[in-house]
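First up is the structure itself, then whatever we jot down about it.
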Amino acid sequence: MWETTGDCWTQCYPSRCAVHFVDFLCFVDEKIPEDKERIYAIMDNLEMHHSRDLLLFMIHHERWEFVYQPTYAAYLNLIEPWWKVLRSLALKGKRFETWKQIEAAVEAATAYWNAHKHPFVWGRRRRHQPPRVSQKFSFQVKILRM
């Protein structure tokens, strides 16, 4: 997800491993314009985010810089709201028989998002938001005394 433009790129892989992750980073690197001198990727502490393959990627792609979240700070993981959006667009309420159907659903959801894209605003939890302004409703309370 390119936060400032809302552009999104997805790829489907049969498993989650360092090789597929680096392949995805190469795919993203091709999509980002060459005039961008620096690319910051915010990562959690998943084991594949600390692999040798990733170090080799960093050597060959000097404009990339990886910033790691503190351990036990899952609330800072900004990708989770995006996963929720993608799951609701691609997977929610659907049943898939084959891997190709899953890939097609993810591609369709990505195409839909990019057709209606907007800068992604990372939400804050309800407890961190200012209190709501009360509505202009009036009501009466009747007390029944016995």
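Laboratory data are not the source of any read-out in this text; all were calculated from the coordinates shown. Computed from a prediction, not measured in an experiment: that's the story for all the values here. Neighbour counts are summed over all protein chains in view; Cβ atoms, including those assigned to glycine, are modelled from backbone coordinates with ideal geometry.
Brief remarks follow.
- The packing ranking, built from the mean of other Cβ atoms within 10 Å per residue, places the peptides 13-19, 108-114, 40-46 in the order 108-114, 40-46, 13-19, highest first.
- Multiplying the residue separation of SER88 and ALA73 by 0.36 nm and subtracting their alpha-carbon distance yields 3.0 nm.
- Full extension of the segment from HIS61 to TYR13, taken as 0.36 nm per residue of separation minus the current Cα-Cα distance, would add 15.1 nm.
- Prolate/oblate/rounded call for the range 18-122, Cα gyration tensor, a/c under 1.5 rounded: prolate
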